[in-house]
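The values are calculated or read from the model by the stated rules, or taken from the named source; none is laboratory data. These figures come from a predicted structure and were not determined experimentally. Cβ placement follows ideal geometry from the backbone for every residue including glycine, while neighbour counts extend to all protein chains displayed. Ligands, DNA and RNA are stripped out before the accessible areas are found, and what is left, the full protein with its side chains, is counted by its heavy atoms. Shrake-Rupley method; radii C 1.70, N 1.55, O 1.52, S 1.80 Å.
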2 protein chains.
Amino acid sequence: MNIKINENFNHLAQNYLFSEIAKRVKAYTEKNPDAKIIRMGIGDVTRPLCPHVVSAMKNAVEEMGKAESFRGYPPEYGYDFLREAIAAHYASFGVTVAAGDIFVSDGAKSDCGNIVDIFGDNTIYIPDPVYPVYMDSNIMSGRTIKLIPATVENGFLPMPKADFTTGVYYLCSPNNPTGAAYSAEQLQTWVDFALDTGSVILFDAAYEAFVSDDSPRSIYAVPGAEKCAIEFASFSKTAGFTGTRCGYTVVPAALKAGDTPLQALWARRQATKFNGVSYPVQRAAEAAYSQEGLAQCMENISYYMNNAALMAELMREKGIFFTGGKNSPYVWFKCPNGMDSWSFFDKLLTEAQVVGTPGAGFGACGEGFFRLSSFNSLENTKEAVERLRGIL
Amino acid sequence: MNIKINENFNHLAQNYLFSEIAKRVKAYTEKNPDAKIIRMGIGDVTRPLCPHVVSAMKNAVEEMGKAESFRGYPPEYGYDFLREAIAAHYASFGVTVAAGDIFVSDGAKSDCGNIVDIFGDNTIYIPDPVYPVYMDSNIMSGRTIKLIPATVENGFLPMPKADFTTGVYYLCSPNNPTGAAYSAEQLQTWVDFALDTGSVILFDAAYEAFVSDDSPRSIYAVPGAEKCAIEFASFSKTAGFTGTRCGYTVVPAALKAGDTPLQALWARRQATKFNGVSYPVQRAAEAAYSQEGLAQCMENISYYMNNAALMAELMREKGIFFTGGKNSPYVWFKCPNGMDSWSFFDKLLTEAQVVGTPGAGFGACGEGFFRLSSFNSLENTKEAVERLRGIL
């Protein structure tokens with residue numbers, strides 16, 4: 001006899017994307033040891049924490065070292081000072097979210113994965129191409145998944161269709177990997193659809209700080225969303241917290257499945273399987289959303305967005321279809337001459353010594369597309385754009 | 001139509017323990033505003049982070065503020081520097097654990113809860129009284145749970161019985177709430193049983209730093225455990241990290257269910273639904289396990305253990321059955337005169353102005369017992385012991 005494992009793990013595909021990239025880059029550099037490779041495939045921030053955040057976090061660490069200011073277990077849903085700072089952040093762009101509806105966590109990835117715990121056996125609708133966590137966390141739970149194609153025709157912003165049923169819908173805007181951002185009208189259509197069908201939208205707003213036009217930075221900018229949507233957000237990209245770890249999830253009190261408030265389920269899930277976020281990290285996050293901290297963070301965002309604009313300009317110049325380049329640190333473009341994603345990866349690597357991310361790695365609808373990231377220095381970005389100009 | 005929720009949440013009992021305690025204390029203090037209440041119910045550390053840890057964590061925060069030393073996403077399983085420090089910690093008390101078998105997390109509670117993801121529909125055996133996370137996380141997954149009574153007869157250290165089947169077994173030693181610690185011989189019996197029946201032991205070693213006799217500090221001190229046991233441990237109680245948040249789980253490479261290595265499942269679970277621990281927190285944890293840091297941490301442990309010894313001495317003096325008082329910050333004792341847990345709670349509150357934790361709150365087998373915690377000042381502990389002496 002043996003104990004039973006979760007057999008759903010057998011249905012997970014091995015994700016070879018980043019290991020395959022590493023393998024090909026390694027093979028190339030071994031043959032070309034003097035090549036100056038520029039890595040534009042990075043989905044991680046590169047600029048340091050801003051001074052206001054560093055100062056606040058250091059002060060909090062000092063507090064932890066003194067008997068009179070030491071803090072033990074944090075509240076499981078986050079300290080009130082941070083929940084209120086997050087509510088104020090929403091208010092700063094005109095969105096009303098109650099502090100009590102905000103659940104602080106160690107990151108949006110954890111929440112995106114753990115949210116499956118509160119749902120039963122629904123049909124799960126996930127756009128393709130996609131952030132892999134949405135897929136894999138549902139496969140682990142044995143759920144039925146239907147993919148929603150994102151394509152050139154819908155501008156990589158798929159909309160509800162007549163045959164979509166009651167279910168759980170993942171939306172990510174501004175999108176990773178495509179950089180495309182829904183308009184208020186488009187999100188209103190999604191919210192109306194969810195309210196009509198009794199569906200729940202899981203809205204990933206991790207890139208909200210990059211929005212530079214009038215695209216909504218939160219689904220709660222749309223009337224009715226508080227009755228049908230959960231939102232994930234994070235300090236990772238806004239404040240460079242990928243290595244500091246803090247995110248949050250909004251589960252509005254008004255959101256119910258029949259008579260059951262989903263907030264009660266998430267609150268119980270977190271109180272049972274989570275013990276709150278490190279106090280110094282919460283103070284750092286609070287500082288990031290202060291007026292001074294946010295001004296410093298936005299300098300970094302502007303720096304990345306300037307990089308993205310340089311890449312977008314090249315695509316325009318060459319007449320290549322692309323999404324992103326604004327509202328997002330990513331530029332997602334059609335590989336030239338009908339090339340597939342991996343062939344273009346090889347061409348870019350061997351002819352321009354630039355590493356990017358093949359779109360096919362994010363799903364079947366990503367085939368023939370390619371992602372470049374602006375998380376890099378201006379100098380590297382300029383050089384990469386010049387090299388790209390030569391081969392596009 | 002509505003989406004389906006996880007109906008298993010309906011089977012969760014509301015945990016009224018700490019809210020009921022708060023309610024009764026509030027009612028008493030409103031009637032007796034001058035009463036000097038001493039709180040001995042706390043399961044949370046009270047002494048600040050030690051200087052070596054504070055210094056390391058501040059340095060790491062500074063690194064995050066500089067371009068040349070900034071770090072983005074941490075490795076999902078923990079930085080090698082910390083995994084190696086933890087392996088060295090095991091080695092310091094004679095236990096061999098490979099760094100690669102160690103998965104760093106934001107705390108043992110998260111791991112204890114999330115581990116259910118990797119298992120199928122097994123019978124779950126859980127001792128009573130119990131840390132509520134073991135129960136609730138399995139109820140949320142709809143598992144069949146069998147309680148193993150911990151009683152005066154088995155010294156609150158239940159052993160395998162003939163009718164126990166293949167399953168998942170939770171053991172916690174030194175135990176929360178009872179403070180009892182298994183001997184090496186007892187753990188060997190458990191390990192042999194698990195190997196014979198193809199069962200898996202989930203061993204919670206959160207209180208290992210409190211072991212002061214020859215009780216094992218890790219289940220891997222017992223031969224064969226690497227083939228049948230997962231271990232949870234934490235910096236929370238060892239280094240006062242309840243508010244700093246860092247723990248770890250050991251899933252040995254040798255542990256398999258049939259042909260499936262459980263390590264591969266946990267690695268995939270964590271890579272999908274977790275994004276690693278904050279870099280400054282990992283540097284703080286590394287410092288706690290350095291020679292200098294551990295020496296400072298052990299001063300705090302000794303301080304708490306001195307408090308526990310004072311309470312244990314009182315129980316001996318009064319001839320009251322108890323467990324803990326050594327190997328644990330807790331003293332778990334039989335309420336005098338056959339009183340039930342809550343009646344004794346009221347007596348202690350009203351006659352001695354001391355607040356403790358009713359054993360019945362941890363499970364049916366806790367009825368008639370009571371837990372006192374040593375997480376307090378020496379002064380308060382001495383005063384509480386004097387007051388208890390008057391009513392026991």
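Please give the average number of partner chain Cβ atoms lying within 10 Å of the Cβ of each residue in B:146-152, rounded to a whole number.
Working: counts 0, 0, 0, 0, 0, 0, 0.
For this peptide, the per-residue mean of nearby foreign Cβ atoms is 0.
Return the Rg/Rh ratio of the range A:269-340 with Cα-based radii and a Kirkwood Rh. Write out the running numbers ahead of the final one.
Details: Rg = 19.2 Å, Rh = 15.4 Å.
Rg/Rh: 1.24.
For the range B:239-270 and the range A:69-83, compute the distance between their C-alpha centroids and round to whole Å.
Their Cα centres are 26 Å away from one another.
For the range B:113-200, run through the trypsin sites (Lys or Arg not before Pro) and keep only the ones in DSSP coil with at most 13 other Cβ atoms within 10 Å of their Cβ.
B:Lys161
Could you tell me the center-to-center distance, by alpha carbons, between the range B:108-148 and the range A:125-147 in angstrom?
What the calculation gives is 26 Å, centre to centre.
Taking amide H positions as placed 1.01 Å from N in the peptide plane, with prolines and chain starts having none, which residues 5 or more places from A:Thr123, or on another chain, fall under 5 Å of its amide H?
Amide H neighbours of A:Thr123: A:Val168.
Please state the Cα pair-distance histogram of the range A:103-214 with 10 angstrom bins from zero: what percent is in each bin?
Calculated over all Cα pairs of the range A:103-214, the distribution is 13, 47, 36, 5 percent.
Collect residues whose amide H, placed 1.01 Å from N in the peptide plane, falls under 5 Å from the amide H of B:Ala229; neighbours closer than 5 in sequence don't count.
Those qualifying (amide H under 5 Å, at least 5 residues apart or on another chain) are B:Ile201.
So what is log10(I(q)/I(0)) for the range B:1-49 at q = 0.22, 0.24, 0.26 1/Å, when the Debye sum runs over its Cα atoms only?
Normalising to I(0) and taking log10 leaves -0.92, -0.99, -1.05.
Given 25 °C and 0.890 mPa s, compute D for the range B:204-342 with the Stokes-Einstein relation, Rh being the Kirkwood radius over Cα pairs; round to the nearest whole µm²/s. Write down the numbers at each step before the final one.
Numbers: Rh = 17.7 Å.
Roughly 139 µm²/s, to the nearest whole number.
Find, among the GluC sites (Glu not before Pro) in the range B:256-305, those assigned to loop by DSSP (not H, G, I, E, B) with at most 13 other beta-carbon atoms within 10 angstrom.
none
Taking the Cα centre of the range A:40-133 as the origin, how large is its charge dipole in debye, to the nearest 20, when only Lys and Arg (+1) and Asp and Glu (-1) carry charge on their Cβ atoms?
On the way: 6 positive and 13 negative charges, 79 e Å.
Charge dipole, the range A:40-133, about its Cα centre: 380 debye, nearest 20.
Computed over the Cα atoms of the range B:334-392, what is the convex hull's projected area averaged over all directions, in nm²?
Over every viewing direction, the Cα hull of the range B:334-392 projects on average to 3.8 nm².
With a 1.4 Å probe, how much accessible area is buried between chains B and A, both sides summed, in Å² to the nearest hundred?
Buried surface at the B/A interface: approximately 6300 Å².
How compact and how long is chain B, expressed as Rg and Dmax of its alpha-carbon atoms in Å?
Rg and Dmax of chain B, Cα atoms, are 21.4, 67 Å.
How large is Rg over Rh for the range B:35-79, taking Rg from the Cα atoms and Rh as the Kirkwood inverse mean of 1/r across Cα pairs?
Reported Rg/Rh (Cα atoms, Kirkwood Rh): 1.26.
Give the nm distances, rounded to one decimal, from B:Lys382 to the matching residue in every other copy, measuring between label points 7 Å along Cα toward the beta carbon; shortest first.
Copy-to-copy label distances at B:Lys382, shortest first: 7.1 nm.
About the Cα centre of the protein assembly as shown, what is the dipole size in debye to 20, counting +1 per Lys and Arg Cβ and -1 per Asp and Glu Cβ, all else neutral?
260
From Cα pairs below 8 angstrom and at least 6 apart in sequence, can you work out the relative contact order of chain A, rounded to a whole percent?
23
Nm distances between the label at B:Glu185 and the same-position labels in the remaining copies, 7 Å along Cα→Cβ, shortest first?
List, nearest first: 8.1 nm.
So what is Rg over Rh here for the range A:26-157, counting just Cα atoms and using Kirkwood for Rh?
That ratio is 1.08, to two decimals.
List, in order, the whole-Hz ³J(HN,Hα) value for each residue of the range B:299-310 obtained from phi through the Karplus relation with A = 6.51, B = -1.76, C = 1.60 and θ = phi - 60°; use x for Gly and Pro.
For the range B:299-310, the Karplus curve yields 5, 5, 4, 4, 4, 5, 5, 5, 4, 4, 5, 4 Hz.
Under 10 °C and 1.306 mPa s, how fast does the range B:166-231 diffuse according to Stokes-Einstein, given a Kirkwood radius computed over C-alpha pairs? Answer in µm²/s, whole number.
Stokes-Einstein gives a translational diffusion coefficient of 136 µm²/s.
Please compare each pair in A:Lys146/A:Lys227; B:Lys31/B:Lys334; B:Lys23/B:Lys318; A:Lys227/B:Lys109; A:Lys36/B:Lys66; A:Lys36/A:Lys347 to a cut-off of 27 Å on the Cα-Cα distance and tell me which ones are over it.
From A:Lys146/A:Lys227; B:Lys31/B:Lys334; B:Lys23/B:Lys318; A:Lys227/B:Lys109; A:Lys36/B:Lys66; A:Lys36/A:Lys347, over 27 Å: B:Lys31/B:Lys334; B:Lys23/B:Lys318; A:Lys227/B:Lys109.
Taking one equal scatterer on every alpha-carbon of the protein assembly as shown, how large is log10 of I(q)/I(0) by Debye at q = 0.04, 0.06, 0.11 1/Å?
-0.17, -0.39, -1.26
Using +1 at the C-beta of Lys and Arg and -1 at the C-beta of Asp and Glu, which of A:Gly107, A:Ser236, A:Met135 has the Cα lying farthest in the positive direction of the dipole of the protein assembly as shown?
With unit charges placed on the Cβ atoms, the residue in question is A:Ser236.
Skipping prolines and chain starts, which residues have an amide H placed within reach, meaning under 5 Å, of the one on A:Asp204, given they are 5 or more residues away or on another chain?
A:Leu171, A:Cys172, A:Ser173, A:Phe232
Please report, in whole Å, how far the alpha carbons of the range A:287-387 spread along each principal axis, starting with the longest.
47, 28, 22
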